[in-house]
Ligand SMILES: Cc1cc2nc3c(=O)[nH]c(=O)nc-3n(C[C@H](O)[C@H](O)[C@H](O)COP(=O)(O)OP(=O)(O)OC[C@H]3O[C@@H](n4cnc5c(N)ncnc54)[C@H](O)[C@@H]3O)c2cc1C
Ligand code: SF4
Ligand code: SF4
Ligand code: FES
């Protein structure tokens with residue numbers, strides 16, 4: 001049976017309507033291209049909406065000594081120097097413009113007493129650098145981009161899931177997707193495609209991520225021949241909620257520590273003194289997460305295995321003004337008044353540093369015409385992401401990906417051809433589980449995958465655990481071929497989960513393979529059997545490719561910084577601090 | 001709390017449907033969305049419900065729980081001890097399936113509101129006190145619960161005459177921005193139909209973000225419209241609008 005499907009043709013197709021996708025669409029539309037944006041959710045509700053703490057940019061509004069050099073320095077240091085320095089350089093140079101542009105489009109940031117955009121301190125940022133709106137910065141960002149998109153002629157397709165990318169002689173040709181509402185398929189032919197589908201935090205059970213974060217775009221691009229890099233680097237945010245069970249993993253913004261929150265163990269000790277006496281609670285995320293984990297392992301955890309976070313000393317009025325969402329969240333979901341008592345927090349999966357390997361300037365992948373930006377792409381954050389750097393990442397590289405795609409289509413004007421047979425075959429594949437009763441339950445497969453990842457590729461790893469994990473993933477991959485989705489195609493979450501789970505399994509394999517190869521501890525990768533950071537591994541990234549259906553893992557040299565950038569790390573202090581003559 | 005909870009969930013689509021009962025084990029601190037997820041994973045994999053953040057940030061999970069318009073992710077199961085929890089889709093919008101409704105009308109209206117037009121280029125100098133009110137309105141998570149509950153839309157289905165409270169606060173926010181230069185009062189009085197609002201305040205009561213939609217948004221906008229179109233008799237007209 002062959003499906004009659006809706007068919008569209010665009011200059012540029014953007015898959016993902018989070019911050020990166022919307023920013024890319026704006027850039028592409030401003031360049032005069034005919035643009036479509038697809039998203040799995042309604043407009044303005046993508047995962048980006050959840051970001052709380054702020055967007056990092058060296059505006060220097062409260063600390064005038066800040067500048068791109070120091071932001072660059074902090075970003076590279078936090079990434080343990082396996083980031084692509086070119087990516088980090090354009091990023092730190094362009095972030096301030098991208099934030100100011102939001103103000104121009106209607107975003108309303110918190111203000112300094114002089115009436116400028118307010119900036120707050122955050123872990124491992126030398127200066128107060130995060131522009132913010134209380135604890136709902138992501139909402140402000142995505143709302144502003146949504147409102148901007150609505151003034152352009154970009155076609156927005158809501159609640160639609162892309163399942164496959166097509167090539168025409170090696171060049172990107174478009175994608176097929178289905179409407180979640182009724183399971184109808186639509187084909188999008190395009191001269192260039194931008195992947196902006198976000199991360200894959202849903203690979204883990206205890207996660208701060210929304211259901212959307214299943215890594216679809218990264219998996220689709222990987223299957224189309226694109227390379228993945230740094231997949232072993234998965235960020236644990238130190239502070240997720242731990243109790244009650246239903247909220248386990250939900251984020252407690254780093255803003256709480258940014259505003260002065262203190263971490264204590266069950267003995268009342270400010271344990272960060274042991275792990276980073278200088279930066280204490282505002283150390284980098286990998287260090288704080290491990291600190292909390294180690295305290296709990298040593299029997300000094302809270303009743304539900306976390307640490308105490310205490311902000312009461314700031315007083316109820318201040319807390320309710322600067323952290324209203326947190327106050328509400330704990331009141332409503334945990335019956336805890338954070339203005340009066342300390343509360344329990346523990347590590348939660350938060351961000352995926354790895355992803356599609358892209359050019360630092362154009363965001364091009366190795367597949368001609370295929371671009372990627374945002375959390376699904378890699379290179380900026382290296383082994384550990386700084387808080388606030390993702391929101392500026394999606395703005396800077398969203399725009400660059402849109403511009404990159406524009407430039408590509410100028411040199412490649414013809415509309416590529418998509419093979420009708422391939423499209424029909426894909427539709428049959430996607431439809432196969434619908435209406436079947438006997439087979440694997442996709443929710444159960446997802447849960448099993450999450451267990452495997454937590455047990456074998458979690459916060460602390462060993463070679464043997466990882467090897468076992470890989471074996472289990474490959475077994476699960478086989479079982480997953482038999483997933484079923486009882487019911488019809490109309491808004492059927494079981495069926496949607498089948499697609500999500502297949503994508504996550506693909507990526508989990510790359511994560512575990514990367515973690516096995518990286519026989520050292522660096523940033524988010526903590527190997528109990530190789531506890532030290534090793535120089536030789538600081539020179540390589542692990543890259544994965546799909547060859548004849550098999551995941552192959554290679555090493556690729558970390559790009560070497562030119563002398564003038566290297567010198568920024570030889571000043572004895574962060575550049576802005578050294579320049580001002582003040583002590584760090 | 002009870003060991004087992006009973007939910008009665010609307011199952012159906014545009015052509016109709018009915019509530020169906022599910023019994024599930026209770027968990028400490030469970031919200032209604034957790035309960036629905038449990039049903040999906042164990043009893044009805046095709047039960048349709050929208051959600052994203054599970055933290056009252058995204059405004060996806062709007063529904064009616066025992067007759068009140070609420071976010072599923074923010075409503076605790078233990079608020080309904082020893083009661084059956086009835087979960088139904090928002091009434092004002094057409095059902096797509098189960099708890100998922102077609103809210104596209106709201107996006108059409110959002111698109112019709114003239115965008116922010118600043119007088120100058122950023123960076124702006126704005127005091128916190130000048131932006132407090134704007135930030136209150138920008139807290140909106142577009143859950144459309146206020147649209148759902150507003151009787152003009154809900155009972156009279158006057159969507160062609162009145163754009164509803166969400167659009168009123170979006171317009172208010174733009175109108176109150178100290179640097180904005182566009183004028184939306186014509187729109188308010190005309191197509192957006194602010195005159196249809198008779199300040200029942202049901203929208204304000206239901207807003208999960210605690211936005212004072214009527215007091216801080218709609219009433220000042222009604223006054224601006226009155227000042228522009230009806231002065232010098234503004235005061236009199238304002239009374240008639242109440
Ligand atoms: C709770 C929380 C708080 C955070 N706080 C901060 C913070 O304070 N500062 C900061 O810098 N970062 C923060 N982050 C991280 C940051 O929010 C994300 O990394 C960032 O928003 C990712 O944006 P994105 O545009 O890349 O992807 P997303 O926002 O994840 O968007 C992905 C888009 O792709 C779509 N999509 C996915 N698959 C498909 C498919 N198959 N077909 C069609 N569309 C698809 C989705 O529907 C969605 O529209 C936070 C994250 C979380 C979870
Ligand atoms: S106050 Fe106005 S907008 Fe709000 S519910 Fe009543 S009539 Fe509707
Ligand atoms: S104003 Fe309140 S109720 Fe209305 S859409 Fe916004 S958040 Fe929801
Ligand atoms: S799931 Fe986001 S508001 Fe409920």
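Every read-out reported here was derived from the displayed coordinates using simple, explicitly stated rules and does not represent laboratory data. Here the structure is a predicted model, which is why all the values come from computation and not from measurement. Here the Cβ is made from the backbone with ideal geometry for all residues, glycine too, and neighbour counts use every protein chain on show.
General remarks:
- Taking only the C-alpha atoms of the stretch B:53-117, the Rg (one decimal) and the largest Cα-Cα distance, Dmax (whole number), read 14.8, 53 Å.
- Prolate/oblate/rounded call for chain B, Cα gyration tensor, a/c under 1.5 rounded: prolate
- Where labels lie 7 Å past Cα in the beta-carbon direction, separation of residue A:547 and residue B:68 in nm: 6.2 nm
- Pairwise inverse Cα distances across the protein assembly as shown, averaged and inverted, put the Kirkwood hydrodynamic radius at 27.2 Å.
- Fewest-first ordering of A:363, B:202, B:61 by other beta carbons within 10 Å of each residue's beta carbon gives B:202, B:61, A:363.
- In this structure, residue B:82 and residue B:205 have a Cβ-Cβ separation that, at R0 = 22 Å, corresponds to a calculated FRET efficiency of about 0.30.
- Using alpha-carbon coordinates, inclination of helix A:19-30 to the longest axis of chain A, degrees: 60 degrees
- Over the stretch B:104-241, equivalent-ellipsoid semi-axes from the Cα gyration tensor in Å: 23, 19, 15
- Under the simplified labelling scheme, the residue A:266-residue A:318 pair shows an inter-label distance of 3.1 nm, with each label point 7 Å from Cα along Cα→Cβ.
- To the nearest ten degrees, helix A:420-431 and the longest principal axis of the Cα atoms of chain A are 60 degrees apart.
- Using only alpha carbons, the stretch A:1-91 has a radius of gyration to Kirkwood radius ratio (Rg to Rh) of 1.13.
- Here residue A:335 and residue A:361 are evaluated by their C-beta separation; at R0 = 51 Å the FRET efficiency comes out at 0.50.
- Each eigenvalue of the Cα gyration tensor of the stretch A:432-557, multiplied by 5 and square-rooted, gives one semi-axis; in descending order these are 33, 15, 11 Å.
- Whether the stretch A:361-469 is rounded, prolate or oblate, judged on the alpha carbon gyration tensor where a/c under 1.5 counts as rounded: oblate
- Spin-label pair residue A:535/residue B:215, simplified geometry with 7 Å Cα→Cβ offset, distance in nm: 6.7 nm
- Ranked by the mean number of other Cβ atoms within 10 Å per residue, highest first, peptides A:342-351, A:510-519, B:24-33, A:561-570 order as A:342-351, A:510-519, B:24-33, A:561-570.
- Cβ-derived FRET efficiency at R0 25 Å, residue B:15 paired with residue A:4, nearest 0.05: 0.65
- Equivalent-ellipsoid semi-axes of the stretch A:196-331, from the Cα gyration tensor, Å, largest first: 30, 18, 14
- Relative to the longest principal axis of the Cα atoms of chain A, the long axis of helix A:68-78 lies at roughly 80 degrees.
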